[in-house]
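In what follows, a single structure is set out as structure tokens and then discussed.
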Ligand code: HEM
């Protein structure tokens, strides 16, 4: 993206690009220092099934970068398990403490049972009444931003939307939500290289402890919310274990907040940097629905997910051996030129647009409908209420090899005169 530095590639004959083996994908800094599109294009072309060595207890991992291979492995939860971790950090540590307790790191029949149970709270039909509330909240925050004119779009706008939706669904007290947003960011990524791994672990423990207390209370006094639904649910007559309830709450607050927030922020940057597409949106030349899908593809907030092979699996000219770690790079697959024509063009009319921002197959994002609602509400509010977006300083990138996003974005927004008139601010 244009907000990042180009890869060190000199003119032909002067500086050859460094070998792919020199890029350390376990290091968040790698993703700040290079142009990710140039890097992933090279992986797809030169080494689509790439062995990445490490100096961790796990000797290395596979890097899968083409759309076709990513989708095939996502689909195959018989030969590739999520139960030993589904992100690089836990896979390299050798396992995830939430294994078989949290949906995303459970496979087989238990995964299906818990997923079906949780889907009861997150299906489009059940969530339909929430949609209007997301649009209202988004419009209110954009209106406040327009009153201010100059602001930080992350902390003044985006940070307040998805957390309040998922917070309402889980009936999390309003006073606690700001803390949860901060813990979420610390758990999944860091604001900078100064934040330590210890902060990450402590934030995760804070969230778990928080939900352990809330779940105990809901079990005693159930209400009409998702925590109560988990705390009182039964599968084959048996209640979920305390750990299943707490880890799934943890996953909902994290999944429900961070990725949707990052997509909306990245969407605003994309419109600011692509005035032609902004015009198309404003003029109604492309719909909010297709713009939403393109924002999701373009921003791809979850850069990768991972699996561990259970048996030997041939992929192209390589064999992934039983026990080896495999990483699936959504941020490469969503720009694969074999699937997306002109992939580096932000094209809000793009159709078809079968991106993998929400993953694919049995673990396809449980909150995809809700994630789409958030991005859609933001795109719609910008289209109807804002006439101009000005980036007023470099966006502050998160320090992560998992979440692609921002912790700060100074912008200036100008109100759409028609919207101001409708709100009674302009007369005559
Ligand atoms: C799974 C991305 C919003 C909850 C996933 C996966 C991806 C993803 C890529 C697949 C993980 C894997 O295969 O291992 C996103 C993006 C979002 C978003 C980009 C917003 C733009 C949400 C929301 C919620 C949520 C709003 C909660 C309400 C979950 C859960 C899973 C999941 C519980 C695990 C599903 C399973 O294992 O069956 N998400 N997500 N996500 N997501 Fe999301």
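The values are calculated or read from the model by the stated rules, or taken from the named source; none is laboratory data. If you're wondering where the values come from, they're calculated on a predicted model, not measured in any experiment. Please note: Cβ atoms are built from the backbone with ideal geometry, for glycine as well, and neighbour counts cover all protein chains shown.
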- Message: For a quick check of your reading of the model, give me the residue pairs whose first member lies in segment 121-141 and is over 29 Å from residue 231 (Cα atoms), whose second is assigned to a helix (DSSP H, G or I) and within 13 Å of the ligand (Cβ to nearest atom), with beta-carbon atoms closer than 6 Å and at least 6 apart or on different chains.
- Response: 135/377; 138/377; 138/378
- Just one of the numbered conditions (1) within 16 Å of the ligand (Cβ to nearest atom); (2) buried (at least 22 other Cβ atoms within 10 Å of the Cβ) is not true of residue 320; which one? (1)
- Boolean, residue 199 is touching a strand residue (DSSP E or B) at 6+ places or on another chain (Cβ under 8 Å) and surrounded by fewer than 18 Cβ atoms within 10 Å (Cβ to Cβ): yes
- Of (1) farther than 23 Å from residue 265 by Cα; (2) within 11 Å of the ligand (Cβ to nearest atom), residue 301 satisfies all except one. Which? (1)
- Scanning segment 186-205 for residues that are touching a residue at least 24 places away in the same chain (Cβ under 8 Å) and assigned to a helix (DSSP H, G or I), which turns out farthest from the chain's Cα centre (by Cα)? 204
- Note on the structure: Heads up, the helices (runs of 4 or more DSSP H) in segment 52-167 (entirely inside) with at least 1 residues that are more than 15 Å from residue 328 (Cβ to Cβ) and away from the ligand (no atom under 11 Å from the Cβ) are 88-93, 108-122, 124-148
- Query: Out of 352, 343, which single residue is more than 19 Å from the chain's Cα centre (by Cα), closer than 30 Å to residue 85 by Cβ and more than 11 Å from the ligand (Cβ to nearest atom)?
  - Reply: 343
- Message: I'm checking my understanding of the structure. Among residues of segment 168-185 that are in a helix (DSSP H, G or I), over 16 Å from residue 259 (Cβ atoms) and free of Cβ contacts under 8 Å to residues at least 60 places away in the same chain, which one is nearest to the ligand (Cβ to nearest atom)?
- Response: 168
- Name, by its number, the condition in (1) touching a helix residue (DSSP H, G or I) at 6+ places or on another chain (Cβ under 6 Å); (2) assigned to a loop (DSSP other than H, G, I, E, B); (3) farther than 13 Å from residue 69 by Cβ that does not hold for residue 306. (2)
- Only one of 368, 419 that is at pLDDT below 95 and closer than 20 Å to residue 134 by Cβ: 419
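To keep it simple, each residue is scored yes or no on (1) touching a residue at least 24 places away in the same chain (Cβ under 8 Å); (2) more than 30 Å from residue 292 (Cα to Cα); (3) assigned to a loop (DSSP other than H, G, I, E, B).
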| site | (1), (2), (3) |
| --- | --- |
| 213 | no, yes, no |
| 223 | yes, yes, yes |
| 228 | yes, yes, no |
| 244 | yes, yes, no |
| 248 | yes, no, no |
| 255 | yes, no, no |
| 265 | yes, no, no |
- From 265, 245, 227, grab the single residue that is more than 17 Å from residue 359 (Cα to Cα), within 15 Å of the ligand (Cβ to nearest atom) and under 18 Å from the mean Cα position of the chain (by Cα). 265
